[in-house]
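Participant: Here it is, the structure in full.
Please treat every number below as a calculation from the coordinates, not as lab data. The structure presented is a predicted model; accordingly, all values stated were derived computationally and were not measured. Glycine also receives a Cβ, built like all others from the backbone with ideal geometry; neighbour counts cover every protein chain displayed.
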Amino acid sequence: MEINQAEFITSMAEYGPFEGKGLPQIAVVGRSNVGKSTLINRLCRRNKLARTSATPGKTRLINIFLLNGAFHLVDLPGYGFAKVDKREKERWGQMMQHYFTSQAELRHVLCLVDIRHEPTADDITMNRFLREMGIPFSVIATKADKISRGARSKNLAPICRALLVQPWEVICFSGEDGTGREELLQRMEEVLRETAKDDGTETEAAAEWNRTAGEE
């Protein structure tokens, strides 16, 4: 399975209607500077599709991307940036709460954590929130190229304990060398196939996605 088409649709300060809304969604969430934009660019093989920044807290909008004409990838603002003032943090919290509770298209969440560090309190809070809401998610351990292959298992242990997942459920990912890209694409394909089956419906775009995926 491959992403053959990737298009930026819109940015919004508050989640609401946008062109093409209604397709399945997969959201990307994580703390500031965890590598969300880098992951999106690597997945789509587009260096500048999602804007990256060396400054944490840069992205404060919800960014919508259309992939293969079949589903939307939703890049949510990073959390946990200490220099953001209290009012901005409250706005972020309200934005995220509204997104996760007000729309029906969300099918899965990619929860990004830095493989070099234990999950933060904000990571754990997000994990707990998704579980309480019954929203399916996958943990993606980013920046895997920054440590050796041998060290990955050791670093995954505290992540798994904190987020209550098993090591084989976590995808180690690197936007630099492409580690985990195929595994993540497969996970996303499984999500889209399963949700289409559960819904009992399939849009023309989703049908094209499934046809193309089967040829890979």
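Participant: So if R0 is 35 Å, what FRET efficiency would Ser102 and Glu182 give, r being the distance between their Cβ atoms, rounded to the nearest 0.05?
Facilitator: Plugging the Cβ-Cβ distance into 1/(1 + (r/R0)^6) gives 0.55.
Participant: Sorting check: for 145-157, 21-33, which peptide has the highest mean count of neighbouring beta carbons within 10 Å, and how do the rest follow?
Facilitator: Going by the mean number of other Cβ atoms within 10 Å, highest first, we get 21-33, 145-157.
Participant: First select every other residue whose beta carbon is under 13 angstrom from the beta carbon of Glu176; then total the charges, Lys and Arg +1, Asp and Glu -1.
Facilitator: Around Glu176, the charge tally is +2.
Participant: On to the next question. Using the per-residue mean of other Cβ atoms lying within 10 Å as a proxy for protection, in what order, highest first, do the peptides 109-120, 164-175 fall?
Facilitator: My ranking of the peptides, most packed first, is 109-120, 164-175.
Participant: If we count every other residue with Cβ under 14 angstrom of Thr101's Cβ, Lys/Arg +1 and Asp/Glu -1, where does the sum land?
Facilitator: Here the count lands on -3.
Participant: For a quick size check, give me the Cα extents of region 6-211 along its three principal axes, largest first, whole Å.
Facilitator: 44, 40, 35
Participant: Further, regarding this structure: Please give, to one decimal in nm, the separation of the simple spin-label points placed at Lys48 and Ile135, each 7 Å out from Cα toward the Cβ.
Facilitator: 3.1 nm
Participant: If we count every other residue with Cβ under 11 angstrom of Pro167's Cβ, Lys/Arg +1 and Asp/Glu -1, where does the sum land?
Facilitator: Overall, the nearby charge balance is +2.
Participant: Hey, another quick one. For region 6-211, give me the percentage of DSSP beta bridges that are antiparallel, rounded to the nearest 5 percent.
Facilitator: 35 percent
Participant: Another one. Efficiency by 1/(1 + (r/R0)^6): what FRET value for Leu61 and Trp168, r their Cβ-Cβ distance, R0 = 30 Å, to the nearest 0.05?
Facilitator: Step by step, r from the Cβ atoms, then E = 0.30.
Participant: Another one. Keeping to pairs on different chains or 8 or more places apart, tell me how many lysine pairs in region 6-211 have Cα atoms under 25 Å apart.
Facilitator: 22
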